[in-house]
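Inspection log for the structure reproduced underneath, given as structure tokens.
The values are calculated or read from the model by the stated rules, or taken from the named source; none is laboratory data. Bear in mind that the values here come from a model prediction, so they are computed numbers and not experimental data. Quick reminder, even Gly has a Cβ in these numbers, built from the backbone with ideal geometry, and neighbours come from all protein chains shown. Side chains are part of the model used for accessible areas, which takes the heavy atoms of the whole protein and leaves out ligands, DNA and RNA. Shrake-Rupley method; radii C 1.70, N 1.55, O 1.52, S 1.80 Å.
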Amino acid sequence: MSLETDLRARAEDKCELCGASENLSVFPVGPDADDTADRALLACQTCSDQMTGAAELDGTHWRCLNESAWSTEAPVQVTAWRMLKKLSAETWAQDLLEMIYLDEETQSWAEAGLEAAGDDEDAIVHKDTHGAVLSAGDTVTLIKDLKVKGAGFTAKRGTAVRNIALVPDNASHIEGRVNDQRIVILTEFVKKN
């Protein structure tokens, strides 16, 4: 059997990410993609175009990851994790990213693919008050009491904010949870732990 035949059988002739049944093709999941179903998935044209950058990312389309992120197939898990990382500026994507679990080998594969892609988004570098480079998922500590507009509370100095998200188009903003609310924090008011 061919790779496409194997994938169509596994995916029941549907996109493994969004469930579409039109314009399906094999999408290799690199790095080190080979010609096996263990390193590929069946994707529709819409998903393929957005993953490769041929079309602009549509956050609404990718809400399908709420279902497909729980797939038992490693290539689907890896692709879902990578897309959630790309969409981490959206609250729903960051929340889902915090919930899903990848075993150590699958997590390494997912991260290796992001590094190999050489994200152009890395041109924006987020730094804390002391100039330390911040990464998505880091833990930071507030260095000043901050009034949270619209939430009616003050985030106290010394509060640890875990698993931060980087705002992709603004190097001075990060997002994190304080008092069970997702807020935007200026990087000048945090230090990396």
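Going by what's in this entry, would Ala80 be described as in a helix (DSSP H, G or I), in contact (Cβ under 8 Å) with a residue 12 or more places away in the chain and either touching a strand residue (DSSP E or B) at 6+ places or on another chain (Cβ under 7 Å) or within 28 Å of Asp95 (Cβ to Cβ) (or both)?
Yes; evaluated as a whole, the condition is true for this residue.
Of the conditions (1) in contact (Cβ under 8 Å) with a residue 12 or more places away in the chain; (2) under 20 Å from Thr106 (Cβ atoms); (3) acidic (Asp, Glu), Glu22 fails just one. Which one is it?
(2)
Does at least one position in the stretch 169-189 carry a residue that is assigned to a loop (DSSP other than H, G, I, E, B) and under 16 Å from the mean Cα position of the chain (by Cα)?
Looking for residues that are assigned to a loop (DSSP other than H, G, I, E, B) and under 16 Å from the mean Cα position of the chain (by Cα), one finds at least one in the stretch 169-189, hence yes.
With (1) at pLDDT 90 or above; (2) surrounded by 20 or more Cβ atoms within 10 Å (Cβ to Cβ) as the list, and Ser88 as the residue in question, which single condition is left unmet?
(1)
Which of the residues spanning the stretch 16-38 are under 11 Å from Thr79 (Cβ atoms) and either in contact with a Pro (Cβ under 6 Å, 6 or more places away or on another chain) or open to solvent by less than 30 Å² (accessible area, probe 1.4 Å) (or both)?
Glu16, Leu17, Val29, Gly30
Taking the stretch 140-158 only, how many residues are open to solvent by less than 40 Å² (accessible area, probe 1.4 Å) and assigned to a loop (DSSP other than H, G, I, E, B)?
1
Assigned to a loop (DSSP other than H, G, I, E, B), open to solvent by 40 Å² or more (accessible area, probe 1.4 Å), modelled with pLDDT under 90 and of a type outside the set (S, T, N, Q), is that true of Asp13?
For Asp13, the condition - assigned to a loop (DSSP other than H, G, I, E, B), open to solvent by 40 Å² or more (accessible area, probe 1.4 Å), modelled with pLDDT under 90 and of a type outside the set (S, T, N, Q) - is not met.
If you scan the stretch 99-113, which residues turn out to be exposed (fewer than 15 other Cβ atoms within 10 Å of the Cβ) and assigned to a helix (DSSP H, G or I)?
Met99, Glu104, Glu105, Gln107, Ser108, Ala112
When Ala165 is evaluated against the numbered criteria (1) at pLDDT below 90; (2) surrounded by fewer than 17 Cβ atoms within 10 Å (Cβ to Cβ), which criterion, by number, is the only one it fails?
(2)
If you go through the stretch 50-59 one residue at a time, do you hit one that is hydroxyl-bearing (Ser, Thr, Tyr), over 11 Å from the mean Cα position of the chain (by Cα), at pLDDT below 90 and over 21 Å from Ser25 (Cα atoms)?
Checked against the condition, which is being hydroxyl-bearing (Ser, Thr, Tyr), over 11 Å from the mean Cα position of the chain (by Cα), at pLDDT below 90 and over 21 Å from Ser25 (Cα atoms), the stretch 50-59 yields no hits at all.
Suppose we filter the stretch 58-84 for residues that are of a type in the set (A, V, I, L, M, F, W, C) and open to solvent by 60 Å² or more (accessible area, probe 1.4 Å); how many remain?
Adding up the residues that qualify gives 1.
What's the number of the condition Asp32 fails, among (1) closer than 29 Å to Ile185 by Cα; (2) in a loop (DSSP other than H, G, I, E, B)?
With respect to (1) closer than 29 Å to Ile185 by Cα; (2) in a loop (DSSP other than H, G, I, E, B), Asp32 is out only on (1).
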